[in-house]
Amino acid sequence: MSSLEFAIGRLNAFLAEVQRLDECEFPYEHSQVALHRIRDLFDNKLALLQSFDSKSDPAIVKQQCTLSLSALFDYVPLLGFILRSTNVRNAFEVFGPLLRLARDLLEPGVDKSKCQTRLVLSSEWDYSPFVYGEIPDLPGFVLIGLPAPESSNPLLIPLAGHELGHAVWQKADYHTAITPCIKTHMLDVIRSRWKEFQAALPSPKGAPVALADLTTNMFCVQFWQQCVPWALRQAEESYCDFVGIRIFGESYLHAFAYILSPSTEGERSLVYPNMRKRVSNLLDAASSYGVPVPPHYLDMFDDLANPNLIQSNAFLLSVADSVLDKMKADLIDRAVADVNASSLKLPSQSESDRIFCRFLYVVPAENCKSLADILNAGWRAHFQSDLWDGIPHVRRHRERNLKELVLKNFEVYEIEQILKG
Amino acid sequence: MGLIMILKAERIADLLRQGEHSGTVDPLVITPRPDPDAIEATGAASIDLRLGTWFMTLRQSRMTHLSIDDSLPSSQLTKTHFVSFGNEYVLHPGNFVLSVTLEWMRIPKDLAAYVIGRSSWGRRGLIIATATGVHPGFTGCLTLELSNLGELPIAIKPGMGICQLFFHRVEQTGKPQTDASQFIGLRKPTVGRIELDVIASACRKIRLARIFPATFGKNLREDGNLSQPGV
């Protein structure tokens, strides 16, 4: 047996599984299209491996076997995600409205019939929602998944706004655009904390680094650049939160708190601001956008423990945190500009009030303007303590009935959009 | 007691128009809303309802039979399917499937309704419910029982007209009249539970006591009846 035989065997097994999945009942064709793309990708990989013979360069054969194995690690979880997109636990009614929203946001101004954005709406066997970024071999696909136990909970749909934020971030190539800005802020922070920087710099040999050498001394540059990716990811995650709240308004805050408060155990991540800082930034964005903030919202969250870092890395993390503070206003503005560039209707208090009034009668509203208005009305109903008190048989299954009503309202909204063409 | 009248199209249309006003205390609402003018123009005594997107089939490969002794949750008894707009569900001859109306409705306390199949479908072998009563105070989507008694498979699509609803006035007695059933407020079809009355419960216990005397036989008398009938 050889590594090549094993690699071919693995790819054949993978493709057989793809074939089995292809027999599922796909409620929407986008999941199946994604599956076919993956099948084509792995067909090509298999064909390449099968083209090798005894005369092939062993180094190239080995390299391709390694690449095919890496691809399996990447794509097997994705097959599971696609399989779960067919599960009837999912809130299928939101597929159409969410796809329209994604296309409005990612392809502003493009004729609806020519939009390329595709959506795979699924569920995760992981309590962290939305773990997939854009897959390089599946361009144009947005993957959204709620934790499996919550995948039929329509009130958590605003969290999809965060995931769509990642898609906008990638499409706008903010990674490239924002990195120089981050470096500038980072150097400003380091200059203002120069003594701390010198103390944190791991035992330089020779003469101490001078402030003038901050951007020229390679040892020095290499040190502070370690935290550029942390600051960049913190900026991306914060931007995605801002996009979420800009699109969905108050319902984003409620969904965020539902899934994340008070906090998880363990250490904070280097690529997110610590929880209370994250929430504080979110509330700043809410204030900037005119979104009402629920009372005592920040109190619902606790910070996570700081990671056990060596002194130099602890300093760098604090620098990354400070950079985010300096970037925050710009990120809030970018989220506004990007959402405003689309044809999305922003949340409207009067509209959500109107929908809420229909919910009091236990009926979906018609002629809704946006998904956000339905969700804001849904959350308002959720918090209305005397909701349906006068209708005991509806009140008895209050939470279930509210979710059913919101989901039906998504469908009514979608039917109206279809009729509008 | 007055005559129970079937509502005419123009009366149904009026009620739907009134339901649009937020001040109406106990409105008739059907969503997506049928066009009241179009209803009025038909002159019929009913309104048409359309097929929804959710379907439910019995798990034939898992169940040997259905019995009132079973208290299985519906998820073990049935399999749910979703068919998006533009796609179809093929109902083969002899097959039975539950579905729902596309319309979510709210029936006021002074109305009741009956679901009747459409004759155009019936003549093609598709039978839609036998006589589904919709009680005052009902809200949600109606579960429909669809069966193909014809000889050819029938492709049914969400959004197509599937049945009609006849409304009746309900006699007002002063007591609250609302549908307190388990089917309230749902958007998917449901099989529901079979509720046993006193006699059926006692019969079930006798049967269980004979099969499992150690567990259920304490109250079983020598004559085969329960010492505490109705328990």
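The values are calculated or read from the model by the stated rules, or taken from the named source; none is laboratory data. Fair warning: this is a prediction, and the values are worked out from it, not measured in the lab. Every residue, glycine among them, receives a Cβ derived from its backbone with ideal geometry; neighbour counts consider all protein chains shown.
Annotation: A:Gly390 fulfils all but one of (1) more than 8 Å from chain B (Cβ to nearest Cβ); (2) under 25 Å from B:Gly52 (Cβ atoms); the unmet one is (2).
Taking the listed residues A:Gln32, A:Gln19, A:Gln64, the one that is outside any loop (DSSP other than H, G, I, E, B) and touching a Cys at 6+ places or on another chain (Cβ under 9 Å) is A:Gln32, with no other qualifying. Screening the stretch B:185-207 for residues that are basic (Lys, Arg) and over 27 Å from B:Thr143 (Cα atoms) and picking the one that is surrounded by the most Cβ atoms within 10 Å (Cβ to Cβ) gives B:Lys205.
Only one entry of A:Ile247, A:Ile259 meets the criterion of being assigned to a helix (DSSP H, G or I), more than 26 Å from A:Asp330 (Cβ to Cβ) and among the β-branched types (Val, Ile, Thr), and that entry is A:Ile259. Taking the stretch B:40-101 as the region of interest, none of the strands (runs of 3 or more DSSP E) fully inside it holds 1 or more residues being away from every other protein chain (no Cβ under 14 Å) and of a type in the set (Gly, Ala, Ser).
Does A:Leu72 satisfy the condition of being modelled with pLDDT of 95 or more, crowded, with 20+ Cβ neighbours inside 10 Å and in a helix (DSSP H, G or I)?
So A:Leu72 does not fit the description; no.
Looking at the structure I just gave you, is A:Leu304 at pLDDT below 95 and not acidic (Asp, Glu)? In short, yes. Selection of the stretch A:85-121 for residues being in a helix (DSSP H, G or I) and away from every other protein chain (no Cβ under 14 Å) yields A:Leu101, A:Ala102, A:Arg103, A:Asp104, A:Leu105, A:Leu106, A:Lys112, A:Ser113, A:Lys114.
Being in contact with an Asp or Glu (Cβ under 9 Å, 6 or more places away or on another chain) and not in a helix (DSSP H, G or I) is a condition met by no residue of the stretch A:208-221.
Checking each residue in the stretch B:135-160 for being more than 14 Å from every other protein chain (Cβ to nearest Cβ) and within 24 Å of A:Leu402 (Cα to Cα) picks out only B:Leu144. Just one residue in the set A:Leu375, A:Leu407, A:Leu419 is within 12 Å of another protein chain (Cβ to nearest Cβ) and either acidic (Asp, Glu) or under 19 Å from A:Pro154 (Cα atoms) (or both); that residue is A:Leu407.
In this structure, does A:Lys326 turn out to be outside any loop (DSSP other than H, G, I, E, B), charged (D, E, K, R) and surrounded by 15 or more Cβ atoms within 10 Å (Cβ to Cβ)? In short, yes. I'm checking my understanding of the structure. Among residues of the stretch B:18-39 that are out of contact with any Gly (no Cβ under 6 Å at 6 or more places or on another chain), outside any loop (DSSP other than H, G, I, E, B) and surrounded by 17 or more Cβ atoms within 10 Å (Cβ to Cβ), which one is farthest from the other protein chains (Cβ to nearest Cβ)? It comes out as B:Ile39. Considering A:Ile82, A:Ile144, the condition of being at pLDDT 95 or above and either crowded, with 21+ Cβ neighbours inside 10 Å or among the small types (Gly, Ala, Ser) (or both) is satisfied by A:Ile82 alone. The residues of the stretch A:1-49 that are of a type in the set (Ser, Thr, Tyr) and closer than 22 Å to A:Gly140 by Cβ, listed by number, are A:Tyr28, A:Ser31.
Do we find a residue being assigned to a helix (DSSP H, G or I), away from every other protein chain (no Cβ under 14 Å) and surrounded by 24 or more Cβ atoms within 10 Å (Cβ to Cβ) anywhere in the stretch A:354-370? Spell out the reasoning first.
Here is the first cut: in the stretch A:354-370, the ones assigned to a helix (DSSP H, G or I) are A:354-360.
Subset that is away from every other protein chain (no Cβ under 14 Å): none.
No - not one qualifying residue is present in the stretch A:354-370.
If you go through the stretch A:262-297 and keep only what is surrounded by fewer than 24 Cβ atoms within 10 Å (Cβ to Cβ), touching a Lys or Arg at 6+ places or on another chain (Cβ under 9 Å), aliphatic (A, V, I, L, M) and not in a loop (DSSP other than H, G, I, E, B), you end up with just A:Met275.
Quick check on my filter: what residues within the stretch A:1-54 are polar (S, T, N, Q) and away from every other protein chain (no Cβ under 14 Å)? Once the filter is applied, which keeps residues that are polar (S, T, N, Q) and away from every other protein chain (no Cβ under 14 Å), the stretch A:1-54 yields A:Ser2, A:Ser3, A:Asn12, A:Gln19, A:Asn44, A:Gln50, A:Ser51, A:Ser54.
Of all residues in the stretch B:100-147, those satisfying the criterion of being without any contact (Cβ under 8 Å) to a residue 12 or more places away in the chain and of a type in the set (S, T, N, Q) are B:Ser119, B:Ser120. Residues being within 11 Å of another protein chain (Cβ to nearest Cβ), at positive phi and not in a helix (DSSP H, G or I) are entirely absent from the stretch A:393-401. Does A:Leu67 satisfy the condition of being in contact (Cβ under 8 Å) with a residue 40 or more places away in the chain, more than 14 Å from chain B (Cβ to nearest Cβ) and at negative phi? Considered against the rule, which asks whether it is in contact (Cβ under 8 Å) with a residue 40 or more places away in the chain, more than 14 Å from chain B (Cβ to nearest Cβ) and at negative phi, A:Leu67 comes out as no.
Among the residues of the stretch B:102-133, which ones are within 14 Å of chain A (Cβ to nearest Cβ) and more than 21 Å from A:Val94 (Cα to Cα)?
Correct list: B:Arg106, B:Ile107, B:Pro108, B:Lys109.
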